[in-house]
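Written below as structure tokens is the structure these notes are about.
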Amino acid sequence: MKNENILPVFTGTLYLAVYVITINFFPESGIHMIMFAISPFIVIWMVIYILKNGKPSERTFDEYFYDEEKGKRNIAD
């Protein structure tokens, strides 16, 4: 994905951060209930955007399934 097309991901992450801050600092207000009700639409928007505009990986599952065997291990023999 191109760097200039990160608006939905940035918006979803920022929305989550504001939601968590709202719950912690203003627990008595009802704003976090409204934000919770809106959050599925933000996530769906982000998922649809990524599925439509995302770039698939060059690696396939069949070609690189045992790829971890080629790397170094941190296990003492």
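The values are calculated or read from the model by the stated rules, or taken from the named source; none is laboratory data. These figures come from a predicted structure and were not determined experimentally. Here the Cβ positions follow ideal geometry from the backbone for every residue, glycine too, while neighbour counts run over all protein chains shown.
Scanning segment 23-37 for residues that are in a helix (DSSP H, G or I) and either surrounded by fewer than 12 Cβ atoms within 10 Å (Cβ to Cβ) or touching a residue at least 60 places away in the same chain (Cβ under 8 Å) (or both) gives Asn24, Phe25, Met33, Ile34, Ala37.
From the list Ile44, Ile75, Ile38, Ile34, the one residue that fits, being farther than 20 Å from Pro8 by Cβ and at pLDDT 75 or above, is Ile34.
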